[in-house]
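Taking it in order: structure first as structure tokens, then the write-up.
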Amino acid sequence: MILAPPPDVVIEERGELDRAQAARELAGVLVRRGGEPRLGIHFRNAGQELYWIADRSEPGAPVLLERSGGAAGTRLETRWQGALGERLAWAEEHGTFDAPGLPPGERQNLYH
């Protein structure tokens, strides 16, 4: 299976980034292209290829999505529901969307 973003997502390419920098890049994309409901970035970190996507297509129910793939071939998807601004702000400092006081992300293997 090839790692790819969901259809109809506007993706901006980035190179190698640490996760905190990737969060800052995604936040910048959301500001610059705010009219697009599904935006994301494609980057690499520590041997992984990643897509980070903000899906604001459903009013009141934003989702952050991570699709990742590593050298071993495992393809994972993690979804974080709601609190888009809080999760992005946390990730800009800590490199993860799993912010205190918010529900953790739900991870699944894309092969199943």
Reviewing (1) 19, 15, 15; (2) 23, 15, 11; (3) 24, 19, 12, the figure for semi-axes √(5λ) of the Cα gyration tensor in Å actually calculated from this model sits under (1)
Placing each pseudo-label 7 Å from Cα in the direction of the beta carbon, Gln21 and Glu106 end up separated by a distance in nanometres of 3.3
About its Cα centre, the stretch 37-91 carries a charge dipole, from +1 on Lys and Arg Cβ atoms and -1 on Asp and Glu Cβ atoms, whose size in debye to the nearest 20 is 80
Quick calc, the chain, dipole around Cα centre from Cβ unit charges on Lys, Arg (+) and Asp, Glu (-), nearest 20 debye, gives 100
A 1.4 Å probe over the protein heavy atoms gives the chain a carbon and sulfur accessible-area percentage of 52
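Can you pull out the trypsin sites (Lys or Arg not before Pro) in the stretch 33-100 that DSSP calls coil and that have at most 13 other Cβ atoms within 10 Å?
On the way: sites: Arg33, Arg38, Arg44, Arg56, Arg67, Arg75, Arg79, Arg87; in loops: Arg33, Arg56.
Passing both the DSSP loop test and the Cβ count: Arg33.
The values are calculated or read from the model by the stated rules, or taken from the named source; none is laboratory data. These numbers were taken from a predicted model, which means no experiment stands behind them. Reconstructed Cβ throughout: ideal geometry from the backbone, glycine too, with neighbour counts over all protein chains shown. Heavy atoms of the whole protein, side chains included, go into the accessibility calculation; ligands, DNA and RNA do not. Shrake-Rupley method; radii C 1.70, N 1.55, O 1.52, S 1.80 Å.
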